[in-house]
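Each remark here refers to the structure printed beneath this line.
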């Protein structure tokens, strides 16, 4: 469950079910389990995340099928990386199987609904100026699967330990189209589609040195079948055609750079953001990631309250820079069936210079997440 993973699995580190496209690592939220749920229990969790322009929300349903050992998960996650881009909708179906007292095997399949985003490169001008307008349209979808295996000592050791490993594979059809409309209404189209494959292995470990503290660390690596910054982007030949049409190479490059920045942010949401953890403590990638590292520290003063401090370093693919994220999350149980949580985070992106001599300033952004979970 998104708010409190492992609440109905043996041991404090059971791997959670996920919602959305699974392009990588399962990111369980640090939590200790309450009492075992009765067979047949159903849990529903809702979560929403907001930033300056970023919006994300998720709905997750989890049903216990057989004696606390088998679980079925249905999930939906939606996200919009910034104003003016199309929404990303992800659907998922997963199953978990408890294997003895220490092991949990999870499998998930997911798919995103097709989406299209149009960016105006050159605005429409009065007909007498005879300058054509140009719109760039991008489309994407995804189909993916994830397999994960988790282990924990399940309360049978003086020093509790948990670990998990996961691997996901996702197919991304990426479409692009350029529409050039002259004053006479004629339109020339450049239309292409690329298939980008993304694999994401990940490892996580947790240590519980006492009853009130928990230390965790997680890392993941993103592997692509080709450069994700060129897949779905306009080729040099297409850009050259634009330069010839507009007779202004500088204006063309500037327009395409604005377009590429938006596409990278949109693509980063799908590729680098584990849509399963679209929340404040996961951050907002501005481009596809190469790897990330996420240490965390959790304080559990009692059964009903827990707080977490986490840090994340994400390195984007070559030429796109890196980011730092510092976040905190607090969860409160309001009676046996209900728990709520809130988190805030500050992210700082360091983008690499595009032109020689340029030194981009760090870009800072804030995020807030609110969520709740009910078991019946």
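The values are calculated or read from the model by the stated rules, or taken from the named source; none is laboratory data. A quick note: this is a predicted structure, and the numbers were derived from the prediction, not measured. Cβ: placed from backbone, ideal geometry, glycine included. Neighbour counts: every protein chain shown.
Quick notes
- Checked against the criteria, residue 365 does not count as in contact (Cβ under 8 Å) with a residue 24 or more places away in the chain, under 26 Å from residue 201 (Cβ atoms) and either touching a helix residue (DSSP H, G or I) at 6+ places or on another chain (Cβ under 9 Å) or part of a strand (DSSP E or B) (or both).
- From the options 348, 352, residue that is part of a strand (DSSP E or B), touching a residue at least 24 places away in the same chain (Cβ under 8 Å) and more than 23 Å from residue 200 (Cα to Cα): 348
- Leading residue by the ranking (farthest from residue 296 (Cα to Cα)) among those in segment 28-47 that are modelled with pLDDT of 90 or more and surrounded by 17 or more Cβ atoms within 10 Å (Cβ to Cβ): 43
- Residue, farthest from residue 296 (Cα to Cα), within segment 225-237, restricted to residues that are buried (at least 18 other Cβ atoms within 10 Å of the Cβ) and either modelled with pLDDT of 95 or more or over 16 Å from the mean Cα position of the chain (by Cα) (or both): 234
- Test result for residue 307, assigned to a strand (DSSP E or B) and free of Cβ contacts under 8 Å to residues at least 40 places away in the same chain: yes
- Residues that are at pLDDT below 90 and surrounded by 22 or more Cβ atoms within 10 Å (Cβ to Cβ), drawn from segment 281-310: 281, 282, 283, 284, 285, 286, 287, 288, 289
- Check on residue 373, assigned to a strand (DSSP E or B), surrounded by fewer than 16 Cβ atoms within 10 Å (Cβ to Cβ), modelled with pLDDT of 85 or more and out of contact with any helix residue (DSSP H, G or I) (no Cβ under 9 Å at 6 or more places or on another chain): no
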